[in-house]
Amino acid sequence: MQIIVCNKPGKLEYKEEVSKRVHPGFSLLKVKAIGICGTDLHAFEGTQPYFSYPRVLGHEIAAEVVETSNPEFQKGQSVTVIPYFNCGKCAACQMGKENCCVSLQVFGVHIDGGMKKLIQVPNSSLVSGEGLRTEELALVEPFSIALHAVKRAQLESSEITVIVGAGPIGIATAIFAIERGAKVLLLDNNDDRLKVAEAMLENIETYNVKSGSVFEKLKDFSKGEMANVVFDASGNLEAINSSFQYLAHAGKFILIGLQGGDIRFNHPEFHKREATLMSSRNANRKDFEEVISFLKGRKVNLEHFITHKIAFEDLRDRLQNLLDPKERVIKAIVEF
């Protein structure tokens, strides 16, 4: 069976792997498509925290059941995978927060992932994807991350919301924020990404941070108020540190993106606001199920969202190109 391995930053290699007997408690899946995440791209370029090589990448999975001992699923059924494998015993797991398990292993990050034609995953990680097209099923995981963050923020109708970063997660976060009635300003330095968001969404305002003062834009956007909620979906240290100034008194700052440096902000300014700083990590089963229901409703046009489709056999030669801004990548999907 052919797989593709990232041996070191910038180096992908196709290999043959002997198919193994299905482990007890696991299901065998045929991968139909897999989304390329920012995590995959950062791993390829050597900038992803908590990462080691060699590694089979990939965790945004659309698949079909080949063999399973899970009585809720059957051969041929369309599924996606919750790719965050947990211990089930630590304090976080006991609280129902398996997404931030102490010994969490993320498929394609801490352990080998889905960039292969057949994969084995725990029975407990399967989620039915019946009713979704293959490319939609590959979007469930990143959309679930966005939904989880919006729910963490307890976002309410009419709240002024700034989302920093108009990549796939940022755009998906905007979708769910608007669904909750928030007033959303989406920031990025890439006009192509902002135009995709505008094409997909009504009731959104976008702004290129290169155009001038975001602070002044926000005051104009919100009639002089600051943001009740700020989401960072950029994973950029400079963007994170500069975004604290947009936060209103009693506001919330939610970190979705991940980077390897130290966040810095002025303590008195943060303290006097009685502001809340929180991270949002991964997602849980309820998030996955809600996203699948949402996508089945065809409430948003994903035509502009998936910008690149790549055959598995071409991935080694094309992944490097996805890092080039000229490619105008929003979401790339690998097809098997």
| message | Could you work out how much longer the chain between E202 and Q120 gets when fully extended? Use 0.36 nm per residue separation minus the Cα distance between them, nm to one decimal. | response | 25.5 nm
| remark: For the pair E274 and M95, the simple spin-label estimate (label points 7 Å beyond Cα toward Cβ) gives in nm 2.2 nm
| note | Rounded to 0.05, the calculated FRET efficiency for the beta carbons of A311 and V22 at R₀ = 30 Å is 0.65
| query | Which angle from 0 to 90°, rounded to the nearest 10, does the C-alpha axis of helix 140-152 make with the longest principal axis of the chain? | reply | 40 degrees
| Cα long-axis angle, helix 191-200 against the chain (0 to 90 degrees, to the nearest 10) | 80 degrees
| What is the list of residues in the stretch 1-33 whose amide nitrogen lies under 19 Å from a point 7 angstrom out from the Cα of I111, following Cα to Cβ? | 3-6, 17-31
| query | Tilt of helix 168-179 relative to the longest C-alpha principal axis of the chain, in degrees (0 to 90, nearest 10)? | reply | 60 degrees
| note | Result for the stretch 1-117: accessible area per residue, probe 1.4 angstrom, in square angstrom, of 48 Å²
| request: With +1 on each Lys and Arg Cβ and -1 on each Asp and Glu Cβ, and nothing else charged, work out how big the dipole of the chain is about its Cα centre, in Debye to the nearest 20. | output: 520 debye
| said: Computing the accessible area with a 1.4 Å probe over protein heavy atoms, can you report the carbon and sulfur percentage for the chain? | reply: 46 percent
| task | Give the ranking of R193, R55 by solvent-accessible surface, highest area first, calculated with a 1.4 Å probe. | result | R193, R55
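The values are calculated or read from the model by the stated rules, or taken from the named source; none is laboratory data. All values derive from a computational prediction rather than experimental measurement. Neighbour counts are summed over all protein chains in view; Cβ atoms, including those assigned to glycine, are modelled from backbone coordinates with ideal geometry. Remember, those area values only see protein heavy atoms, side chains included, never the ligands or the DNA or RNA. Shrake-Rupley method; radii C 1.70, N 1.55, O 1.52, S 1.80 Å.
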